[in-house]
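The values are calculated or read from the model by the stated rules, or taken from the named source; none is laboratory data. Since the structure is predicted, the reported quantities are computational estimates derived from the model, not experimental observations. All Cβ positions, even for glycine, are placed from backbone atoms using ideal geometry, and neighbour counts span all protein chains on display. Only protein heavy atoms, including side chains, enter the accessible area calculation; ligands, DNA and RNA are left aside. Shrake-Rupley method; radii C 1.70, N 1.55, O 1.52, S 1.80 Å.
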Amino acid sequence: MTSCNNEFVSGPNGDGYGARIECPPLHPGVSAAASQWHDSVQFKETLLSARNLALAITLQRDIGEGQVKQGPGDTVTVDYELHPSDMQSIAAALKGLIKVLIASGAERVSTMHNDDNGYVCRNISCASSSNKLNPHERIAQQEVQNYLQLVEKQHLPMRKHKGLIISAHQMGTCRFGTTSAQSACDENGELWECDNLFVADTSLFPTASGSNPM
């Protein structure tokens, strides 16, 4: 099961192109893929502490779009750029996610940005001072606010190859329409190039749903 927060689904422009915060299961392979790499010792220590880790993600309903083209030979070329509005939405949800984790008593938080060394609660540790500081007081600390500003600076704009962006449950990759020149299948999902062969999955979605389509 997964926990989900819908506070940011409206998006920065209030048009519904926002992000959900999810807390999916943390499997060994996911732990490795979601862990930063600075050196082998750091990476090993991170994985050895997996029992104390929690993975949380921002699931963005993107307003941007990309293209899948036939490349040389049998290859396929995928071209996708994050839309500025999506960057803004991801950054806002990510800051909200960090606040949730710190308010919940996390001892350390970090994003998947290559230049983010994370934030460790010092002096008035979120963990050790849980009896003294309520959740609102924890995230109101100046060090926390400084870290949130750093996260926003790193993600706006988000430079290529600086952060981990993962695509899952691809949608809208098979356009339907009224002519074969502008679509892969007709309005019933039947392929123009093959009779009685229908597409009946999220490939036909006109836009991304912003959530798992199952």
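Per residue, the average separation of C-alpha pairs within less than 8 Å and at least 6 apart gives segment 57-107 a relative contact order of 36 percent.
Only one of (1) 15.6; (2) 14.9; (3) 16.5 was calculated from the structure for mean projected area of the Cα convex hull in nm², and its label is (1). The helix-only estimate of mean residue ellipticity at 222 nm for the chain, built from DSSP H runs of length n ≥ 4 each weighted as -39500 (n - 2.57), is -7500 deg cm²/dmol after division by the residue total.
Amide H contacts of GLY163: ASN114, each under 5 Å away and 5 or more positions distant or on a separate chain (H built 1.01 Å from N in the peptide plane; Pro and chain starts excluded). Here GLU45 and CYS174 are evaluated by their C-beta separation; at R0 = 35 Å the FRET efficiency comes out at 0.20.
Loop-resident GluC sites (Glu not before Pro) (DSSP state other than H, G, I, E or B) in segment 127-214 with no more than 10 further Cβ atoms inside 10 Å of their Cβ: GLU187, GLU193. Along the chain, the exposed loop sites are chymotrypsin sites (Phe, Trp or Tyr not before Pro) outside DSSP states H, G, I, E and B with at most 16 other Cβ atoms within 10 Å, and the longest stretch free of them is 38-191.
Remark: the Cα gyration tensor places segment 3-114 in the oblate category, a/c being 1.5 or greater and a/b not exceeding b/c.
Modelled this way, with points 7 Å down the Cα-to-C-beta line, the labels at ASN52 and TRP37 are 2.5 nm from one another. For the chain, leaving out every one of the trypsin sites (Lys or Arg not before Pro) that falls in a DSSP loop and has at most 10 other Cβ atoms within 10 Å, the longest unbroken run is 1-121.
For the residue pairs LYS95/LYS162; LYS44/LYS95; LYS44/LYS160, alpha carbon separations beyond 21 Å are given by LYS44/LYS95; LYS44/LYS160. Shape verdict for segment 128-214, please, from the Cα gyration tensor: rounded (a/c under 1.5), prolate (a/b greater than b/c) or oblate. It is prolate, given that a/c is not under 1.5 and a/b is the larger ratio.
The residues of the chain have, on average, 66 Å² of accessible surface per residue, using a 1.4 Å probe with all protein chains present.
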